[in-house]
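Peer 1: Shown below is the structure under consideration.
The values are calculated or read from the model by the stated rules, or taken from the named source; none is laboratory data. Computed from a prediction, not measured in an experiment: that's the story for all the values here. Glycine also receives a Cβ, built like all others from the backbone with ideal geometry; neighbour counts cover every protein chain displayed. Quick note on the areas: whole protein, heavy atoms, side chains included, nothing else; ligands and nucleic acids left out. Shrake-Rupley method; radii C 1.70, N 1.55, O 1.52, S 1.80 Å.
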Amino acid sequence: MHGIPRKAPTQEERDGSSIKAAKLRDLQSQLLHFHYNKIYTKEAIEISAQLLESNPEHYTGWNYRKLAVQHLLDRHQENEVDSELPQSVLDEELRLVENALKRNFKAYGAWHHRKWVLSKGHSSPDRELRLLGKLQKLDSRNFHAWNYRRFITELKKIPDEDELQYTTDMIYDNFSNYSAWHNRSMLLSKLLEKRAKGYDKTENVLSEEFEFVRNALFTDPDDQSGWFYHLWLLGQTLKREPLVISSSPPHGSNLSLSIDNPDCQPSFSKIYHQSKERTFPLILYFSEAVVGVSSSTVTVEFDYDGGDGLIWHPLSANKLGFSQAWLAYIKYPHDSLESCHVKVTVAQFPGIISSSGMPCSQSCFISFTASVCSNNQEHSKVQTTHKISWNEENFKAHSTHPEDANLLASLCKLNITKENMPTTPMLCIETISNEIACSRELLSSSNCKIGKLILARLLVAHNTLMTYGCMDSITEAHYEEILALYHDLMKMDHAHIGYYEDEYSLVVMKQLTSNTESLLKLCGNYEELSLPSISSYTCVRLKGLSLSRVSCMEHLLWVQMLDLSHNKLRSIEGLEALQLLSCLKLSKNRFSSFTALEPLKMLKSLQVLDVSYNEIGAHSIDTRRYMCSSPLNSTTGSEWQLKRFAEEDADMKHFWDAYLLFKDLNLVQLDIVGNAVVDERLKAFLVKLMSALKWFDGESCH
Amino acid sequence: MDETTLFPPIEPSNFDLIVVGTGLPESIIAAAASAAGKTVLHLDPNPFYGTHSASLPLDDFISFLRSHSESPSLQVQTSDDDDVSIPLATRPLYSNLEINLHSSEPLENSNKFTLDLGAPCAFLCADAMIDLILKTGINQYMEFKSVDSSFVSGGAGKLESVPDSRSAIFKTRSLLGPEKYQLMNFFKHVQGILENGSEEDMEIPFVDFLTKRGLSQKLKSIILYTIAWADYDQGKLEFCKDVITTRSGINRLALYHSSIGRFSNANGAIIYPIYGQGELSQAFCRRAAVKGCIYVLRMPVISVLMDKDGRTYQGVRLASEVTNSNHKSPSNAEGKVARGICIAKNSVKPEAANCLVFFPPRSLYPEQITSVRVLQLSSNVGVCPSKTFVTYLSAVCDDSVEGKKLLNAAINALFHIAVSSSSENNEIDNLREHAEEKPCLLWSALYIQDLTKFHGAFNSIKFTPMPDEHLHYDDILDATEKLFKELFPNEDFFATTSTSDEQHLDGNTELDP
């Protein structure tokens, strides 16, 4: 079972097992013969029993059994002779399963077969519970038995309260029992959802459970089973209604639109958007991943004839379609200097549900004005031909000009007001604070890694709860403590360093973006000094921060120029929410493939990209390929037309991953030097692929 | 001799070994000698097996205590034949017997109580006695029940469960989180020492070792008195007559922990034999009888026969006056143990049937220097009628006054005593506030037993050890094995002919899974 080391078999045992194997092979071929020829004689059935008793993993054997039983039952029904037959036939099946389980109680087939017999209306739940009692005594963690137990208790309608007590008893017996803790979480979820008697005050129940599991954690902090339950409790404590935390364009903003190039002298007072398609993106960013964002749950009202029946797309959706960021394109107003008002109402009607099953019931209003600049086609050429050098001297830190600060504050302010703020019961905050205190106490004597991880998560959770309460005024954010914990973990547990780096990055991003003051320090005006006439961008610089992933996009939805160089980025998942982004610097990171950059395909405004000095092509096996969308994945599979490639271009076949990324990008400038994959052939291929490209690795293409 | 007619003659009349008294050590010796192929005659003047290790019906129990509380008149016999006959006399083992009926009505079903003389005694599942029981196969004559829980008196007379295992530490409400961590960590540390050895000095007092590990007073007390079962206050080394060394402390912990889970149907570390501890000596006697030992009960020994020069032991003269090789000079009384028995209708802890309770030094009153140990048994071990509980108490003491003070304090902490009770102590009144939760005491008996140690032997006459102050039989068993080696230096103490392996025995050792 558990914790018993394997012993190498002796010669005798090896001989024994080869004899057994020969016997099994014989039984197996006989069974297959019976199965194929539909022979259900007594002898044949006996052979199948022999086989299954010695090898309960033989699925075909179990299927044959089912057919045989059905055959016997059918024949009995036709003849109606011996009324006792069905009982004895099914009893025999139960006996066989019991014998099979005695040999191997982890055989899926045997458990399934038992369920099947029960579905025939045979055996009694009490009898099954007795069997379970025996098996769970042999191995209290056996998840098959626990699974079957849930099935039987459902059948017998045993109250969840009783089953909860059963898990308590099992945990008291030995708390390192993942299955018991897991079943406890299942039962509690049900009881809390039903608001059963004694379970109607979620906060009270959770704080009792925290206390219960804490006993296990303190008794043996190195046993992880309790920590897993603790983690689940933490998730339950944080469960709140999802809400829109920010949008692009932000609430109360003025949006200047142009068909190609903004005419007006850029200042840091308005948001510009240019598009040839005469549409602009509207992004709703939720506090957690949700589904159900559609024209029936989100109403958009215009002063003008904008867009009827907007189509909402999830950005960076998971497999089930949940996403934090949702995108719809809105048509430009008519060419007029009149500003038009757009009013968005989210969740006026129910239908938006978070991945934790919470509905978004608080409706939220966002309004902004959009105006179209008078077109001036002549300027457009200048704009798109100049090269962005990302030089340090071109970057001017923002003056602490109050006007700039105010605008920035308005840009990155979250949409949370007292009215739509989710109610966080004080008890939740107290519970978390209490857990933090206890974890610190435990860590003061024990240096256990999972304890550190949980403390870090508790502190993050505490911040989350507090953040929505009062933005910009977190007095105790504990960022340094959390970062120190993750730093320790990276050293203590090198095997999971990637995970800790990611968590570390989330906290760094949170720390930098959570208040206007720190965010302002990262912002500056970027102006090509060589071309002073050209418009300047507001650039956000997040360089050299050891980030391995990006997050906190809710604060950055307005960003047009972003420098993420000199980090440890392996992925840019989440970046697709920055629909206004036009210049992106990703040099000196750890991207190892073009597929890792796939989210860029959704950035329709992106013109300047720097991915120089990464690890693209350095690893023969692209491990990212299986973690994000790729040709092996159904989302992009439809685009993958190998046949066409083969006919058209050998290069395309060779650089399929580069092709899939860059064919959808409308880049003007690309820097790719310093990656193992780069050679003349790729360069030529990319230049050919992207017709709009003007600057390639610092050189003019034309 | 007139009396000889009362007692039938025994044939044959020559034996390798004559054992007088059927107490536990005598029975083990008889069984071991028989197993080694010796001819053995095993005598007991009493009509029952067990002598001072016996379990007796309540009335017999009292009369046995009474008869062993007074000095019998010494009868001098003169020599007749070639041998010199040396008369034997009994030294009273018990004293200060005090029986109280705490209710206006007499105790119901008093004949249904079976009481242990040397109580409280119990087994740790992995201790030497259990090993011997399994080795000799006498578990086939016995059945056991588990003593499900142990409690320790926390402050104010509150009984808290003893966190003696991983799951008990998890479960207990009496320890704070950091204490749980500390205690579990200490257990792991001890485990590490057992597996890998240690650089530390194993001869320092165990209490100092605990202090070095940074354990709180509470945890130290739990480990010393409820797991290592120390008698004396280990914190006051000047009064402490049994300073536990680190080595023995760690060994006791190891024994305790290997006891947990040894038998799948025992819940904790401790088990108790159904029908009382008297079953144990009886089982060894049966074992001896199977191997050819001859048993004669109700057979007193009058005198020891010596050869003419009075140096060599020749035999014993039987019949008439009570005597038994155990309790006679040359013995030295070395302290006393106060024992008590209480009968109540309810358990001292509602959730527990069979349980141990420990009152560590200073938990009852500040001057308390020895711990009081309590074993409560329910009707499921067959020693009392249903819905009653028998509770045994014991404490080491220097004199009977101290001994009774200790037991009375513990009894007052555990039971509610009707106000009319004749109890003479009144200093424990401050514990009365919990009276309503406590079971009412129906009947109690207190007595003092002398702790005797025998030094040397009288010619070829050897003396077996007497019931001692411990909860376990380890010392008695050691002394008995040593004695056997003196008697038969060339024989094995139960040669390992063992027919059955432990796996097989597991099932038999326990009753009612």
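Peer 1: Test each condition in (1) modelled with pLDDT of 95 or more; (2) open to solvent by 40 Å² or more (accessible area, probe 1.4 Å) for B:ARG362 and report the one that comes out false.
Peer 2: All conditions pass for B:ARG362, except number (1).
Peer 1: Related question: Please go through region B:222-247 and pick out each residue that is under 20 Å from the mean Cα position of the chain (by Cα) and without any contact (Cβ under 8 Å) to a residue 60 or more places away in the chain.
Peer 2: Of everything in region B:222-247, those that are under 20 Å from the mean Cα position of the chain (by Cα) and without any contact (Cβ under 8 Å) to a residue 60 or more places away in the chain turn out to be B:ALA228, B:ASP242, B:ILE244.
Peer 1: Could you list, in sequence order, all residues of region B:285-299 that are open to solvent by less than 10 Å² (accessible area, probe 1.4 Å) and closer than 14 Å to B:PHE48 by Cα?
Peer 2: Passing the criteria: B:CYS285, B:MET299.
Peer 1: On to the next question. Which of (1) out of contact with any Lys or Arg (no Cβ under 9 Å at 6 or more places or on another chain); (2) within 21 Å of A:PHE105 (Cβ to Cβ); (3) of a type in the set (Val, Ile, Thr) is the odd one out, the single condition A:ILE158 does not satisfy?
Peer 2: Going through the list (1) out of contact with any Lys or Arg (no Cβ under 9 Å at 6 or more places or on another chain); (2) within 21 Å of A:PHE105 (Cβ to Cβ); (3) of a type in the set (Val, Ile, Thr), A:ILE158 breaks only (2).
Peer 1: Which one of these is touching a residue at least 40 places away in the same chain (Cβ under 8 Å) and open to solvent by 10 Å² or more (accessible area, probe 1.4 Å): A:HIS112, A:HIS144, A:HIS122?
Peer 2: A:HIS112
Peer 1: Okay, next question. Test of understanding: among B:PHE239, B:PHE206, which residue is away from chain A (no Cβ under 14 Å) and surrounded by 20 or more Cβ atoms within 10 Å (Cβ to Cβ)?
Peer 2: B:PHE206
Peer 1: Oh, and also: For A:GLU53, only one of the following conditions fails: (1) open to solvent by less than 70 Å² (accessible area, probe 1.4 Å); (2) of a type in the set (Asp, Glu); (3) farther than 27 Å from A:GLU92 by Cβ. What is its number?
Peer 2: With (1) open to solvent by less than 70 Å² (accessible area, probe 1.4 Å); (2) of a type in the set (Asp, Glu); (3) farther than 27 Å from A:GLU92 by Cβ applied to A:GLU53, the lone miss is (3).
Peer 1: A:LYS20 is checked against (1) open to solvent by less than 50 Å² (accessible area, probe 1.4 Å); (2) closer than 17 Å to A:ASN99 by Cβ; (3) not polar (S, T, N, Q) and fails just one. What number does that condition carry?
Peer 2: (1)
Peer 1: OK, next. I need a count of the residues in region A:637-666 that are over 32 Å from the mean Cα position of the chain (by Cα) and either loosely packed, with under 15 Cβ neighbours inside 10 Å or at pLDDT 55 or above (or both).
Peer 2: 8
Peer 1: Which numbered condition in (1) in contact with a helix residue (DSSP H, G or I) (Cβ under 8 Å, 6 or more places away or on another chain); (2) farther than 19 Å from A:SER246 by Cβ; (3) free of Cβ contacts under 8 Å to residues at least 60 places away in the same chain; (4) of a type outside the set (D, E, K, R) is the only one that A:SER593 fails?
Peer 2: Going through (1) in contact with a helix residue (DSSP H, G or I) (Cβ under 8 Å, 6 or more places away or on another chain); (2) farther than 19 Å from A:SER246 by Cβ; (3) free of Cβ contacts under 8 Å to residues at least 60 places away in the same chain; (4) of a type outside the set (D, E, K, R) one by one, A:SER593 breaks only (3).
Peer 1: With a cut-off of at least 2 residues that are of a type in the set (Val, Ile, Thr), name the strands (runs of 3 or more DSSP E) lying wholly within region B:334-413.
Peer 2: Where strands (runs of 3 or more DSSP E) fall fully within region B:334-413 and carry at least 2 residues being of a type in the set (Val, Ile, Thr), they are B:372-378, B:389-397.
Peer 1: With respect to A:SER356, determine if the residue is part of a loop (DSSP other than H, G, I, E, B), at pLDDT 80 or above and of a type in the set (Ser, Thr, Tyr).
Peer 2: Here the answer is yes, as A:SER356 does meet what is asked.
Peer 1: Would you mind telling me which numbered condition in (1) under 30 Å from B:PHE187 (Cβ atoms); (2) within 12 Å of another protein chain (Cβ to nearest Cβ) A:LYS134 fails?
Peer 2: Here A:LYS134 clears every test but (1).
Peer 1: What's the number of the only condition in (1) within 24 Å of the chain's Cα centre (by Cα); (2) touching a residue at least 24 places away in the same chain (Cβ under 8 Å); (3) under 27 Å from A:ASN174 (Cβ atoms) that B:PHE186 fails to meet?
Peer 2: Result: B:PHE186 passes all but (1).
Peer 1: While we're on this one: For region A:168-216, how many residues meet the condition of being within 14 Å of another protein chain (Cβ to nearest Cβ), hydroxyl-bearing (Ser, Thr, Tyr) and crowded, with 18+ Cβ neighbours inside 10 Å?
Peer 2: Total satisfying the criteria: 1.
Peer 1: Kindly list, by first and then second residue, each pair from a residue in region B:95-108 that is assigned to a loop (DSSP other than H, G, I, E, B) to a residue that is surrounded by fewer than 16 Cβ atoms within 10 Å (Cβ to Cβ), limited to pairs with Cβ atoms under 6 Å and residues at least 6 apart or on different chains.
Peer 2: Listed pairs, sorted by first residue: B:HIS102/B:ALA418; B:HIS102/B:SER421.
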